[in-house]
Amino acid sequence: KQEVTQIPAALSVPEGENLVLNCSFTDSAIYNLQWFRQDPGKGLTSLLLIQSSQREQTSGRLNASLDKSSGRSTLYIAASQPGDSATYLCAVNSGATNKLIFGTGTLLAVQP
Amino acid sequence: EAGVVQSPRYKIIEKKQPVAFWCNPISGHNTLYWYRQNLGQGPELLIRYENEEAVDDSQLPKDRFSAERLKGVDSTLKIQPAELGDSAVYLCASSRGQSADTQYFGPGTRLTVL
């Protein structure tokens with residue numbers, strides 16, 4: 001059974017810092033991995049999707065990497081801003097059914 | 001392009017009452033998902049539809065939960081009767097249908113059962 005873990009559970013950083021969020025999964029046979037952002041009381045916004053054949057994806061100040069063999073992904077946020085404050089969730093898709101298995105998220109607070 | 005629409009956004013009911021949630025997916029998206037998100041947890045899939053067909057409902061508590069997707073567009077998720085433990089956010093998502101596709105989520109319905 002696929003299990004997804006995110007560390008740390010919460011993180012507080014001053015504005016401008018670069019930071020890394022971690023995601024690990026137990027079954028390396030994944031189809032793809034997605035990083036989402038969730039603001040309080042809101043739904044999920046997809047940030048980056050990495051296919052199993054890819055090593056990383058970039059969008060603006062965000063960079064996500066994938067090491068399938070070790071069961072790990074990282075989300076790197078450069079030059080953090082207060083507007084980046086949210087919960088970040090990673091989810092793995094373990095097969096053609098497109099069923100996402102989510103981690104419990106990392107709550108990020110960027111202090112002005 | 002409009003996103004996934006859900007209603008109501010909030011619902012408070014007493015236990016043993018019925019409740020229903022509605023979802024309108026993004027136009028042209030064949031696959032629709034219902035997730036439940038408990039406080040402090042990631043979402044968990046309840047049911048997935050490919051057009052009108054429920055292709056994965058293994059996590060749906062079928063004794064009290066039901067869902068339908070008539071005409072392969074809008075979907076309704078129902079709970080009858082609701083229990084205290086059903087308090088959660090119910091999220092609807094849609095995708096074009098291919099395995100590699102991004103899932104787009106609605107804002108969710110926050111259910112509180114008293």
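Nothing in this text is a laboratory measurement; each read-out follows from the coordinates by a stated rule. All values derive from a computational prediction rather than experimental measurement. With ideal geometry, Cβ positions are generated from the backbone for all residues, glycine too; neighbour counts draw on all protein chains shown.
Quick one: what Rg and Dmax do you get for the stretch A:70-112 from the alpha carbons, in Å?
Considering the stretch A:70-112 through its Cα atoms, Rg and Dmax are 13.4, 43 Å.
How compact is the stretch A:12-53 by the rule of thumb for globular proteins, expressed as Cα Rg over 2.2 N^0.38 Å?
Normalised Cα radius of gyration, the stretch A:12-53: 1.48.
Evaluate the relative contact order of chain B (contact order divided by residue number), counting alpha-carbon pairs under 8 angstrom at least 6 apart; express in whole percent. Present the calculation step by step, with values, prior to reporting the outcome.
Details: 287 pairs, mean separation 42.2, N = 114.
It rounds to 37 percent for chain B.
Work out the count of Lys pairs in the protein assembly as shown where the Cα-Cα distance is under 20 Å, with the pair 8 or more places apart or on different chains.
Eligible lysine pairs with Cα atoms under 20 Å apart amount to 11.
How high is the relative contact order of chain A? Use alpha-carbon pairs under 8 Å, at least six apart in sequence, and give a whole percent. Walk me through the numbers on the way to the answer.
On the way: 288 pairs, mean separation 41.6, N = 112.
Once divided by the residue count of chain A, the mean separation gives 37 percent.
Determine by what factor the alpha-carbon radius of gyration of the protein assembly as shown differs from 2.2 N^0.38 Å, reporting the quotient.
Rg over 2.2 N^0.38 Å, computed on Cα atoms: 1.02.
Explain nothing, just the number: dipole magnitude of chain B about its Cα centre with +1 on each Lys and Arg Cβ and -1 on each Asp and Glu Cβ, in debye rounded to the nearest 20. Walk me through the numbers before you get to the answer.
Details: 13 positive and 14 negative charges, 82 e Å.
Charge dipole of chain B: 400 debye, to the nearest 20.
Extension gain A:ARG55-A:GLN111, at 0.36 nm per residue separation less the Cα-Cα distance, in nm?
17.1 nm
In the Gaussian network model of chain A, springs joining C-alpha atoms below 10 Å, which of A:ARG72, A:ARG37, A:ARG55 carries the largest mean-square fluctuation?
Comparing A:ARG72, A:ARG37, A:ARG55 in a Gaussian network model of chain A, the most mobile one is A:ARG55.
When only C-alpha pairs under 8 Å and at least 6 residues apart count, what is the relative contact order of the stretch B:41-108, in percent?
For the stretch B:41-108, the relative contact order is 20 percent.
Can you grab the distance from the C-alpha centre of the stretch A:1-54 to the C-alpha centre of the stretch B:14-30, Å, no decimals?
Using only Cα atoms to place each centre, the spacing works out to 27 Å.
How many nm is it between the label spots at A:GLU15 and B:LEU70, if each spot is 7 Å from the Cα in line with the beta carbon?
Reported label-point gap for A:GLU15 and B:LEU70 is 5.2 nm.
Among the DSSP beta bridges whose two residues both lie in chain A, what percent are antiparallel, rounded to the nearest 5?
On the way: 40 of 45 bridges.
The answer is about 90 percent antiparallel.
Using alpha carbons only, what's the Rg to Rh ratio of the stretch B:1-40 with Rh from Kirkwood?
Result: Rg/Rh = 1.04.
Compute for chain B: radius of gyration divided by Kirkwood radius, i.e. Rg/Rh, restricted to C-alpha atoms, rounded to two decimals. Please list the in-between numbers first.
On the way: Rg = 13.3 Å, Rh = 14.0 Å.
With Rg and the Kirkwood Rh in hand, the quotient comes to 0.95.
I want to verify the translational diffusion coefficient of chain A in µm²/s; compute it with Stokes-Einstein, Rh as the Kirkwood radius over Cα pairs, at 10 °C and 1.306 mPa s.
114 µm²/s
Taking every pair of alpha-carbon atoms in the stretch A:30-87, give the share separated by more than 19 Å as a whole percent.
32 percent
Using Cβ contacts closer than 10 Å as the measure, can you line up B:LYS11, B:LYS62, A:LYS1, B:LYS78 from fewest to most?
On the way: B:LYS11 17, B:LYS62 10, A:LYS1 6, B:LYS78 14.
In order of increasing Cβ crowding within 10 Å: A:LYS1, B:LYS62, B:LYS78, B:LYS11.
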